[in-house]
C-alpha cells in the first residue's frame, strides 16, 4: 500500500512533470537529429558521440570565454564537425553507416576522456564553469501547479519544443522537406527528377549534428554547469528509440521523448520518496527503467513503424 501511495503522490507532484520536461529535452533534440538523418536515408547511431562531444565543447568554451552561449554555439559547431565526418564516410565513400557511427562514438569518448586532464587538470569531472539560467515567465509562473511545471524552465526546454514545430513545418510543408522524404524513400527516382541526392543527405546528417550538439550542450551547461566523462549516459540510443517509436516524425519523436522523460522522472521521484526505503541494492533497478523501456520499444515497435525504404542504403550514382 505504501508503494501505491508513493506512486499516487508522484503523479500529483508538479515536480514530476517539471523533471519530465527537463529529462526529455536532450532526447527531443537528439531524436530530431535522428529524424533528419534517417528520413534522408542515413542511419546515424553516432548521436551518442555527438552529444558527448557537444557537452564537452560547451563546457570548454564556456570556461575559456566566460560566456555560456559561446559554449552552446561551439557545441553546435562540434556537432556539425562530427556529423560531417559521418556524412563524408557514409555518403561519399558509401561506408557501413552503423560501423561508422560506432567508430565516431568511440572517438568522442576517447577524445573527451583524454583531454580532461591536460585541459582541466584532473580526470573524471570538471569544476563548475557556469550554466544557462532558468527563464521565468511572469504571470505563468504564478499560476498554481501549472506555474510550477511550466513557469520557470531552462531556455533549452522552450527551444526544444520550438525546434519540433520548426522541423515538422520544414519536413512536411516545404519543398525541401518533400525532397528529404523522397530521397529517403527512393533516391534513384529522386535523382531522375533532378534532386541532388548527395546534397540532401549531407543536409540531413549535418542537421542531426546541430540538434545532437544542442542536446549535449543542454546536458552540461544547460543543466549542471560542468562536464563529466561519459555524461551522455546512453541518451543517444534512447533518442534513437524515441525516433523509432515516433515513426520518424518530429512530433512523434517529441511525444516518445516525453514518455522516456517521464520514466526517468518517475524513477527519480520514487527514489526520493519518504514513504519507501530505496536501498543501494535496489537503486540501480530504478535507474534501469528508461533503458528497459527502450528495449521494450525497440522490440515491439521497430517492425511496425514506417522506416524510410532507403534508410541505411548507400546511394551510388550511375555514371
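Before moving on, here are some points about what is shown:
- Crossing angle, helix 155-173 versus the chain [Cα axis fit, 0-90 degrees, rounded to tens]: 30 degrees
- Put simply, when 307-315, 291-299 are sorted by average Cβ atoms within 10 angstrom per residue, most first, you get 307-315, 291-299.
- Only helical runs count toward this figure. For the chain, summing -39,500 (n - 2.57) over DSSP H runs of n ≥ 4 and dividing by all residues gives -22000 deg cm²/dmol at 222 nm.
- Sequence ranges 89-95, 144-150, ranked by mean other-Cβ count within 10 angstrom, highest first: 89-95, 144-150
- Modelled spin labels at residue 133 and residue 198, positioned 7 Å past Cα toward Cβ, are 4.9 nm from each other.
- Average Cα contact separation per residue, region 123-208, under 8 Å, 6 or more apart, as relative contact order %: 15 percent
- Taking 7 Å steps out from each Cα toward its Cβ at residue 296 and residue 176 produces label points 3.8 nm apart.
- For the chain, the longest principal axis of the alpha carbon atoms and the long axis of helix 175-185 meet at an angle near 80°.
- Fluctuation leader among 175, 201, 235 - the chain, Gaussian network, Cα springs under 10 angstrom: 175
- Look at the alpha carbon pairs under 8 Å that are at least 6 residues apart: their mean separation over the length of the chain gives a relative contact order of 36 percent.
- Of every Cα-Cα pair in region 2-301, the percent that sits beyond 23 Å: 57 percent
- What separates the Cα centres of region 1-55 and region 147-162 is a distance of 14 Å.
- Helix 14-39 vs. the chain, principal-axis angle (Cα, 0 to 90°, nearest 10): 10 degrees
- Among 251-261, 164-174, the order from most to least packed when residues are scored by Cβ within 10 Å on average: 251-261, 164-174
Laboratory data are not the source of any read-out in this text; all were calculated from the coordinates shown. Keep in mind that what you see is a predicted model, and the values were worked out from it rather than measured. Every residue, glycine among them, receives a Cβ derived from its backbone with ideal geometry; neighbour counts consider all protein chains shown.
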